[in-house]
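The values are calculated or read from the model by the stated rules, or taken from the named source; none is laboratory data. Since this is a predicted model, take the numbers as computed values, not measurements. Backbone-built Cβ (ideal geometry, glycine too); neighbour counts: all protein chains shown.
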Amino acid sequence: MSEIEILLVEDNPDDLEMTLHALREGGIAHRIQTARDGAEALDFIFCQGAFATRNMRDGPRMILLDLKLPKVDGKEVLTRIKGDVRTRKIPVIVMTSSQEQNDVLDSFDLGVNSYIVKPVDFDQFVEAVKQVGAYWLLLNQAQKAN
């Protein structure tokens, strides 16, 4: 399997499709893996379960993470990612509808790289996703593994 650029963790089918559309429209990523709940995301990230044959060196380069997820919530996924030396340097961008200050503060305390509230307007949503992808995949200098 080739390197995965983005892991998109989103349980809402409409938001999932809008995000994929925005990424394609922006020409930002061609290799996107989706997970529809936190357990599936963790399996992918840590190469377990259905993804046991995947090599951890094959990505993702960035994770777009919703907070309100079934099975394992986004905060727990974030805790596991940032708590493991193998994955803590992967940029995690929370994209959620939650504007609750506790969610924002908790996410930053857990090590999130960016917290974005999903715009309600379709065009604004598409533009926000394109900008996030362009910054984290094209402009930001990722730390290389030794």
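Tell me yes or no: at least one residue of segment 52-62 is closer than 24 Å to Val126 by Cα, charged (D, E, K, R) and either touching a residue at least 60 places away in the same chain (Cβ under 8 Å) or touching a strand residue (DSSP E or B) at 6+ places or on another chain (Cβ under 8 Å) (or both).
Checking segment 52-62: at least one residue is closer than 24 Å to Val126 by Cα, charged (D, E, K, R) and either touching a residue at least 60 places away in the same chain (Cβ under 8 Å) or touching a strand residue (DSSP E or B) at 6+ places or on another chain (Cβ under 8 Å) (or both).
Quick grid of which residues meet (1) more than 16 Å from the chain's Cα centre (by Cα); (2) closer than 16 Å to Pro13 by Cα; (3) modelled with pLDDT of 95 or more:
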| position | (1), (2), (3) |
| --- | --- |
| Ile28 | no, no, no |
| Ile32 | no, yes, no |
| Asp37 | no, yes, yes |
| Leu42 | no, no, yes |
| Gly59 | no, no, no |
| Lys82 | no, no, yes |
| Val92 | no, no, yes |
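Scan Lys71, Lys89 and give me the residue that is out of contact with any strand residue (DSSP E or B) (no Cβ under 9 Å at 6 or more places or on another chain) and at negative phi.
Of the residues listed, the single one that is out of contact with any strand residue (DSSP E or B) (no Cβ under 9 Å at 6 or more places or on another chain) and at negative phi is Lys89.
Would you be able to say whether some residue in segment 139-146 is more than 14 Å from the chain's Cα centre (by Cα), assigned to a helix (DSSP H, G or I) and at pLDDT below 95?
Yes, there is a match, as at least one residue in segment 139-146 is more than 14 Å from the chain's Cα centre (by Cα), assigned to a helix (DSSP H, G or I) and at pLDDT below 95.
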Legend entry - Options Thr53, Thr79; residue that is touching a Cys at 6+ places or on another chain (Cβ under 9 Å), hydroxyl-bearing (Ser, Thr, Tyr) and surrounded by fewer than 20 Cβ atoms within 10 Å (Cβ to Cβ): Thr53
Legend entry - Residue within segment 79-87 that is assigned to a helix (DSSP H, G or I), touching a helix residue (DSSP H, G or I) at 6+ places or on another chain (Cβ under 8 Å) and without any contact (Cβ under 8 Å) to a residue 60 or more places away in the chain present: yes
Inset, instruction - Would you mind stating whether Phe125 is within 16 Å of the chain's Cα centre (by Cα), farther than 20 Å from Leu20 by Cα and among the hydrophobic types (A, V, I, L, M, F, W, C)? - result: no
Legend entry - Failed item, numbered, when Ala22 is tested on (1) outside any loop (DSSP other than H, G, I, E, B); (2) farther than 20 Å from Tyr135 by Cα; (3) among the aliphatic types (A, V, I, L, M): (2)
Legend entry - Members of segment 17-26 that are under 14 Å from Ile63 (Cα atoms) and either within 11 Å of the chain's Cα centre (by Cα) or touching a residue at least 24 places away in the same chain (Cβ under 8 Å) (or both): Thr19, Leu23
Legend entry - Residues of segment 66-78 satisfying the condition of being in contact (Cβ under 8 Å) with a residue 40 or more places away in the chain and over 14 Å from Phe44 (Cβ atoms): Asp66, Leu67, Lys68, Pro70, Gly74
